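Written out below as structure tokens is the structure these notes cover.
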Amino acid sequence: MPVPARRLLILICVFFALAAPAAAAERLDRVERQVVRSLNGVRGAYRLSPLRIGHGISNVATAHSRTMARTGVFSHGDWLRRVARTARTGRVGEVLAYVVRTSPGRQAGTIVRDWLNSPTHRAVILSPSFHRLGVGRAHGRGVTFFTVDVAR
């Protein structure tokens, strides 16, 4: 391949690599983005790297939140297999939440605060092993369900 064509190919690859996280972020709704900002704010206070949004992981998180909303069952289910398969790593975690009668503008702050008050959830959120996350939110049966999946 001639040098100018190779440089063009490299520039195109770099452009798409830089644009991919932004595209994944655009797929999240306002409340989901607030969850990501809140989680990364907490991680930053502990000098941990921010979690990057993973489109595939967000799809899995959203599908799980939709299942909980449809069935009314608040449960992790077979989360390890579900998340690890998509994230392509065995090092994964998951935190769930649900809110009832909370305005969308307050949902992110409410659930992140609740997660931080739980030692198990706090350990997942503040783990330095995780670098990617997916966020999903769905409403059903008068409840809004949240799933946050994290991976190495």
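Net length available on complete extension from ARG81 to HIS139 is 18.5 nm, with 0.36 nm assigned per residue and the Cα-Cα distance removed. Nonpolar atom fraction for segment 74-150, defined as the carbon and sulfur part of the 1.4 Å probe accessible area, stands at 51 percent.
Working note: Karplus 6.51/-1.76/1.60 with θ = phi - 60° gives segment 55-66 the couplings 4, x, 5, 5, 4, 5, 4, 5, 4, 5, 4, 5 Hz, where Gly and Pro are set to x. For segment 53-152, the solvent-accessible area works out to 50 Å² per residue, with a probe of 1.4 Å and every protein chain left in place.
For segment 76-85, backbone phi angles converted through the Karplus equation (6.51, -1.76, 1.60; θ = phi - 60°) give residue-by-residue couplings of 6, x, 8, 5, 4, 5, 4, 7, 4, 4 Hz, Gly and Pro being listed as x.
Rounded to two decimal places and with Rh computed the Kirkwood way over Cα pairs, what is Rg over Rh for segment 51-141?
0.94
The values are calculated or read from the model by the stated rules, or taken from the named source; none is laboratory data. This structure is a prediction, so every number in the text was calculated from the model and none was measured. Surface areas here come from the heavy atoms of the whole protein model, side chains and all, with no ligands, DNA or RNA. Shrake-Rupley method; radii C 1.70, N 1.55, O 1.52, S 1.80 Å.
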